[in-house]
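Beneath this line is the structure, given in structure tokens, with notes to follow.
The values are calculated or read from the model by the stated rules, or taken from the named source; none is laboratory data. Note that the coordinates shown come from a computational prediction; the quantities given were computed from them, not determined experimentally. We place every Cβ from the backbone using ideal geometry, glycine too, and count neighbours over all the protein chains shown. SASA here: full protein model, heavy atoms, side chains in, ligands and nucleic acids out. Shrake-Rupley method; radii C 1.70, N 1.55, O 1.52, S 1.80 Å.
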Amino acid sequence: MRRKRLFKIISIIVVISLLGISGCSKRNAYSYEVQDSDVHNTEVNLTFYGFKYEPLNVQAIEKALYHYMNQHEEISISYESIKGVAYYDILKKRINTHNGDDIFMVDQATLLEYKNKDILADLSDLSTIDDFSPLVKSQMGIDGALNYVPTSISAFGLYCNEDLLKKHNQKIPTNWDEFKKVCDYFVQQGITPIVANNDISLKTIVIAKGMYSVYQSDSSKEEIEKFNSGEKDLAEALRSGFELVETMLKSDYINKEEAQHIEKTKGDLEIFAKGEQPFMLTGAWAAPRLRDLNPNFSFTIQPYPIMEDGCAMVINVDTRISVNANSPYLKEAKKFVEYLTQKDVMWDFVNSMSSFSPLEDERASEDVAVQSLSPYLTNGRSVLGTDDNLDYPIWNLTRTCIEKMLAGQSSEEVVAYLDGQIRQYREEAS
């Protein structure tokens, strides 16, 4: 007879101080574990390190852990989460000191850093690989290696305060001309129209505007390869995006002094929830968190109205999970990741993230706020924020450029800076 297992849930709001990572400033960390309070001598103890700490996301992870451990009594799994850029500092420190977790979440920059270093396990033999969509497969298998599996496709959008727009007889913009006119109107009323954070808000505008034509092409992969070889200038391609951001800053559409200090999907949500500004730029996955702040207005999320002929949506093949190639429990870790990428298990996580499924069904979250984004996943007007075919960590580089612009640098200056960084990456690679 199977022995019943009991589980104790430790709240994810445990806050600890982390010192010595990126200086000596304090950072918030959120630790969450599912532990067996009855059977203590499990044969395999896996550790799972990630950056997802939001209650809805953790509930989905908790459900997966609970069911998997119920099916495999010899295995216990603990999940630890840390928010923000501190996550990657600690991840690299653990890996570089041979203390890496069995399973962890990665981004494009991490994949580039540990490429061909026998650190990330090959996951090509997982039985679920064939279930992923063609778009996702085009990202996963670069250079023949399959070192991660995604569990969502995230989207970035323009949050619109429908009540405030209606009060001022303004409509949700559907192209750049309309967006500019609405923003100019609110500026004239003494209202800063757009809430932006210091990370994903403006760099996704840059990527959407600068890379749109690349993804409109039937040969986008070949176009990306030209950036890698230097045949085409990536910094120059992004110039139009930086110039658009510069226009937004100079036109007072954004409070750049405020944006310098606003952490993504935290301070920006608190400001927007007050209902005093019509727009916010951030990830669609923040919709449940915004609702938790009980805003006294209705909102919707739209793709970016920054093109002359309409909108563009930035998406990412996201929440990427890798397995430590040096894990003492490599086989068990891969089996758990295989379980996470099963259709029904993955759907719980996708739905909690207000995002899209990376599987062939491309199923969208049930969140009503993101329904207007769904057509842009397949209508040809989407742009990849981080393309794995690109040899440069564009996500991190554009973030640094936006920080410089918020501090006062011009689009010309950041294009020159970006060009230098790209040249350096190419020289080091060769």
_Hits in segment 261-284 (condition: within 23 Å of GLY190 (Cβ to Cβ) and in a loop (DSSP other than H, G, I, E, B))_ = HIS261, ILE262, ALA273, LYS274, GLY275, GLU276, GLN277, PRO278
*Out of curiosity, is GLU62 modelled with pLDDT under 85, of a type outside the set (S, T, N, Q), closer than 20 Å to ASP348 by Cβ and surrounded by 17 or more Cβ atoms within 10 Å (Cβ to Cβ)?*
no
_What are the pairs with Cβ atoms under 9 angstrom where one residue, in segment 119-143, is basic (Lys, Arg) and the other, located anywhere, is in a helix (DSSP H, G or I) and open to solvent by less than 80 Å² (accessible area, probe 1.4 Å)? Sequence gap at least six, or different chains._
LYS137/ILE129
*Among the residues of segment 269-294, write down those that are in contact (Cβ under 8 Å) with a residue 24 or more places away in the chain and open to solvent by 10 Å² or more (accessible area, probe 1.4 Å).*
ILE271, GLY275, GLU276, GLN277, TRP285, PRO288, ARG289, LEU293
*So which residues in segment 240-264 are open to solvent by 30 Å² or more (accessible area, probe 1.4 Å) and within 18 Å of PRO305 (Cα to Cα)?*
SER240, GLU243, GLU246, THR247, SER251, ASP252
*Mind checking whether some residue in segment 147-160 is assigned to a helix (DSSP H, G or I) and surrounded by 16 or more Cβ atoms within 10 Å (Cβ to Cβ)?*
no
*So which of VAL136, VAL182 is of a type in the set (Val, Ile, Thr), crowded, with 18+ Cβ neighbours inside 10 Å and closer than 23 Å to LEU377 by Cβ?*
VAL136
_When the residues of segment 224-266 are narrowed to those that are of a type in the set (D, E, K, R) and in contact with a Lys or Arg (Cβ under 7 Å, 6 or more places away or on another chain), which ends up nearest to CYS183 (Cα to Cα)?_
LYS232
*Would segment 361-375 turn up any residue that is closer than 26 Å to VAL85 by Cβ, over 18 Å from the mean Cα position of the chain (by Cα) and in a loop (DSSP other than H, G, I, E, B)?*
no
*asked:* So ASP36 ticks every box in (1) crowded, with 20+ Cβ neighbours inside 10 Å; (2) modelled with pLDDT under 50; (3) of a type in the set (Asp, Glu) but one. Which box is left unticked?
replied: (1)
*For ASP122: the one exception among (1) acidic (Asp, Glu); (2) open to solvent by less than 20 Å² (accessible area, probe 1.4 Å); (3) under 21 Å from LYS335 (Cα atoms)*: (2)
*asked:* Report every pair of residues separated by at least 6 positions or lying on different chains whose Cβ atoms are under 6 Å apart, first residue within segment 170-189 and under 19 Å from SER372 (Cα atoms), second assigned to a helix (DSSP H, G or I) and aliphatic (A, V, I, L, M).
replied: GLN170/VAL182; PRO173/VAL182
*asked:* Here's a check for you: in segment 68-114, which residue that is among the aliphatic types (A, V, I, L, M) and assigned to a helix (DSSP H, G or I) is nearest to TYR49 (Cα to Cα)?
replied: LEU91
_Just to verify a result, which residue in segment 65-83, among those that are open to solvent by less than 30 Å² (accessible area, probe 1.4 Å) and in contact (Cβ under 8 Å) with a residue 60 or more places away in the chain, is farthest from the chain's Cα centre (by Cα)?_
ILE75
